[in-house]
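Note sheet for the following structure.
The values are calculated or read from the model by the stated rules, or taken from the named source; none is laboratory data. Bear in mind that the values here come from a model prediction, so they are computed numbers and not experimental data. All Cβ positions, even for glycine, are placed from backbone atoms using ideal geometry, and neighbour counts span all protein chains on display. Calculation scope for accessible area: heavy atoms of the full protein, side chains included, ligands and nucleic acids excluded. Shrake-Rupley method; radii C 1.70, N 1.55, O 1.52, S 1.80 Å.
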Amino acid sequence: MSIYKLKSSFQTLLRPLVGRLAAMGLTANQVTLVAAIVSVGIGGLLLARPEPALFALVPVWMFLRMAFNAVDGMLAREHGQKSALGGYLNEITDVVSDAALYAPFALIAPFSLPWLTAIIFLATLTEFAGVLGIAHGNGRNYEGPMGKSDRALLFGALGALVAVFGTLPAWTWHIQPMACVLLAWTVVNRVRAGLAAA
């Protein structure tokens, strides 16, 4: 089970807005690039100034970023903007944005750089495993339990904790190995789903 399963309901809420954006001439690729630029900007800000209050940006942006991701996909599919370039941009910017937004947590105890590096690596691997379905003609795979939306919820919650309490409770150290296990499980599930569809 993954939060991704709720995406269709989220898209239904956004559909009227997407229609207006398309009428204004906004393109899916523009939305994708803006989301990536903001993500990298927030990640860079937090790395340069890891002040607890600034981590409040993470949960706010994680929610807005999910909206951006839904909007760019709907513009592409429902308004004739689907393109090969858009496919590349969507996958590459997602991985870069995730890394930028997760990395600052390495500066917040009890999290650490080695664990965050492992999480970023495994998160990238989950997306790679998901997109390989397209290469084998089976379509993009979104199996959980730790897909992009689930990670957004996790790091959004962690960002809120840092903003409110100024640090993370000692017990949150355990989230790091648990996240790695769930990410590895996600990779396996996506490979299995891809093989089953072959």
Boolean, A118 is crowded, with 19+ Cβ neighbours inside 10 Å, among the hydrophobic types (A, V, I, L, M, F, W, C) and outside any loop (DSSP other than H, G, I, E, B)
no
Residues satisfying the stated conditions in region 50-65, i.e. closer than 25 Å to L21 by Cβ and open to solvent by 60 Å² or more (accessible area, probe 1.4 Å)
L57, V60, F63, L64
Please go through region 151-179 and give me each residue that is open to solvent by less than 20 Å² (accessible area, probe 1.4 Å) and either assigned to a helix (DSSP H, G or I) or modelled with pLDDT under 95 (or both), ordered by number.
R151, A152, F155, G156, L158, G159, V162, T172, Q176, A179
Considering only region 180-198, how many residues are of a type in the set (A, V, I, L, M), touching a residue at least 40 places away in the same chain (Cβ under 8 Å) and in a helix (DSSP H, G or I)?
6
Looking across region 18-33 at residues that are aliphatic (A, V, I, L, M) and open to solvent by 70 Å² or more (accessible area, probe 1.4 Å), the single one that is modelled with the highest pLDDT is L33
Any residue at all in region 90-98 that is closer than 26 Å to L125 by Cβ and surrounded by fewer than 14 Cβ atoms within 10 Å (Cβ to Cβ)?
yes
Over region 32-84, the set of residues among the charged types (D, E, K, R) and either outside any helix (DSSP H, G or I) or over 18 Å from L154 (Cα atoms) (or both) is R49, E51, D72, R77, E78, K82
Consider only pairs whose beta carbons are under 7 Å apart and that are at least six residues apart or on different chains; among these, list those whose first residue lies in region 98-125 and is within 21 Å of N69 (Cβ to Cβ) and whose second residue is surrounded by fewer than 16 Cβ atoms within 10 Å (Cβ to Cβ) and of a type in the set (S, T, Y).
none
Long-range neighbours under 8 Å by Cβ, at least six apart or interchain, first residue touching a residue at least 60 places away in the same chain (Cβ under 8 Å) within region 144-155, second of a type in the set (A, V, I, L, M) and not in a helix (DSSP H, G or I):
G144/M1; P145/M1
Which of the numbered conditions does Q81 fail, given that it passes all the others? Conditions: (1) touching a residue at least 40 places away in the same chain (Cβ under 8 Å); (2) closer than 27 Å to A170 by Cβ; (3) open to solvent by less than 70 Å² (accessible area, probe 1.4 Å).
(2)
